[in-house]
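Only one structure is covered here, and it is reproduced in the block below.
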Amino acid sequence: MALIYAVCMIMEPQKSEETAEYNVEEEEKNVALTFDDGPGEYTDRLLDGLKKRNAKATFFLIGRNAKEYPDVVYKMVKNGNLVGNHTYNHVRLNELSEEEALSEINKTNNLITILTGKSVKYIRPPYGHWNDEIENQIDMKEVLWDVDPRDWCILDSESVVKHIEENVKPGDIILLHDIFETSVDAALEIVDILSEQGYEFVTVDELYGEK
């Protein structure tokens, strides 16, 4: 397992050290669960599990997947979760032209708005790679992460839970992927564990104090 984790660390680019600024009161133990790349075949079970636990999350959607699971996208918002943009085809924005990058973002924004009736205010660029040329052309906030258990590579719920439990602190943003069954299992388990420790699971805009 240690070897697999080492390979994952090499394969996936590290997140930028620049993160969005937000303030967390000392007495608050808020944390934001975030999910990339969905929706997928396991997302509906995740939504039911979160609702049962009175926990909220933020989902950064791939446009083409949202188109495939429109009812799941609507259910995300109906259950009180936040939906964000993760481009239409999971592309590296920094490798695209300005026109191509804007198309990836706007196409996904338009689809999400149609499915949910809400505008999209947050974006997570795939791999954490941003296109500086478009920053002033979109009225959206970039959201990265603080805790990344590499769930997409390890595919082991026990290891994912252990990594999060050992590294999370109040005010953190946790990165997971709802397209993997092991990640969904880990997410629900970590909600149970951290809830017992006094943590509350909020959406990104709640964490930023923007809701």
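The values are calculated or read from the model by the stated rules, or taken from the named source; none is laboratory data. This one's a predicted model, so the numbers in the text were calculated from it and none came from an experiment. FYI the Cβ positions are ideal-geometry reconstructions off the backbone, even for glycines, and counts take in every protein chain you see.
Of note:
- Test: residue in segment 88-104 that is of a type in the set (Val, Ile, Thr) and in contact with a Gly (Cβ under 9 Å, 6 or more places away or on another chain): no
- Filtering Asp146, Asp178, Asp185 for residues that are over 25 Å from Glu41 (Cα atoms), under 17 Å from the mean Cα position of the chain (by Cα) and not aliphatic (A, V, I, L, M) leaves a single hit, Asp146.
- Some residue of segment 11-19 being out of contact with any helix residue (DSSP H, G or I) (no Cβ under 8 Å at 6 or more places or on another chain) and either modelled with pLDDT of 95 or more or part of a helix (DSSP H, G or I) (or both): no
- In segment 41-63, the residues that are charged (D, E, K, R) and under 19 Å from Ile112 (Cα atoms): Glu41, Asp44, Lys56
- The selection criterion, being within 29 Å of Glu200 (Cβ to Cβ) and either at pLDDT below 95 or assigned to a loop (DSSP other than H, G, I, E, B) (or both), does not hold for Leu115.
- Checking each residue in segment 72-93 for being in a helix (DSSP H, G or I) and touching a strand residue (DSSP E or B) at 6+ places or on another chain (Cβ under 7 Å) picks out Val73, Met76, Val77.
- Boolean, Trp130 is among the aromatic types (Phe, Trp, Tyr), in a helix (DSSP H, G or I) and surrounded by 18 or more Cβ atoms within 10 Å (Cβ to Cβ): no
- Segment 42-69 residues that are surrounded by fewer than 17 Cβ atoms within 10 Å (Cβ to Cβ), paired with ones that are charged (D, E, K, R) (beta carbon under 8 Å, 6 or more apart): Arg53/Asp192
- Residue check, Leu33 modelled with pLDDT of 95 or more, touching a helix residue (DSSP H, G or I) at 6+ places or on another chain (Cβ under 8 Å) and over 20 Å from Lys211 (Cβ atoms): no
- Test for Glu104: is it touching a Ser or Thr at 6+ places or on another chain (Cβ under 9 Å), crowded, with 17+ Cβ neighbours inside 10 Å and assigned to a helix (DSSP H, G or I): yes
- Put simply, of Ser119, Ser97 the only residue that is without any contact (Cβ under 8 Å) to a residue 12 or more places away in the chain, closer than 22 Å to Lys56 by Cα and not charged (D, E, K, R) is Ser119.
- Top-ranked residue of segment 191-211 - restricted to ones that are part of a loop (DSSP other than H, G, I, E, B) and among the charged types (D, E, K, R), ranked as farthest from Asp146 (Cα to Cα): Lys211
- All positions within segment 160-190 that are out of contact with any helix residue (DSSP H, G or I) (no Cβ under 7 Å at 6 or more places or on another chain) and either modelled with pLDDT under 95 or in a helix (DSSP H, G or I) (or both): Lys162, His163, Glu166, Asn167, Glu181
- Residue check, Pro149 in contact with a helix residue (DSSP H, G or I) (Cβ under 9 Å, 6 or more places away or on another chain), closer than 20 Å to Arg64 by Cβ and free of Cβ contacts under 8 Å to residues at least 40 places away in the same chain: no
- Test: residue in segment 94-101 that is part of a helix (DSSP H, G or I) and of a type outside the set (Asp, Glu): yes
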